[in-house]
Amino acid sequence: MDLGLVNPAVRIALDGLMMRQEAIANNVSNMSTPNFTATNVEFEGALSAALEMPGIGSATTQSFMSTAASEAPRKQDGNNVSLEEQTLLGTETNLRLELALRAAEGRFNAIRYVLGGS
């Protein structure tokens with residue numbers, strides 16, 4: 001997603017949250033697949049640390065991403081996807097995504113105002 005006009009931190013957060021949604025969808029779609037290992041997408045800690053560094057504007061989401069295998073306990077078929085955990089994570093991710101979208105919208109509204117729109 002190219003959102004060059006949006007604050008770099010918001011842009012990275014939007015990309016990371018969308019990647020997390022994809023991982024959750026993949027986990028849920030494979031919850032009946034024997035020996036499937038769920039994946040988790042983490043980026044908040046690295047993004048927070050990166051905000052302290054100069055030059056974040058040129059950073060890519062990939063430099064803040066960490067995809068790791070879930071350490072959740074395995075069921076008898078070797079699968080470790082927990083529908084309850086994925087549902088909760090999906091809800092939290094959607095709320096964070098909505099917040100980040102509102103931040104991006106605020107930026108676009110400010111630009112529209114400066115350009116003389118209402």
What FRET efficiency do you get for residue 18 and residue 76 if R0 is 30 Å and r is their Cβ-Cβ distance, rounded to the nearest 0.05? 0.35
What is the distance, in nm, between label points placed 7 Å from the Cα along the Cα-to-Cβ direction at residue 30 and at residue 113? 4.6
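Rule-based calculations on the coordinates, nothing more; no lab input. None of these values were measured; they are calculated from a predicted model. For neighbour counting, all protein chains shown are included, and Cβ atoms are generated from backbone atoms with ideal geometry for every residue, glycine included.
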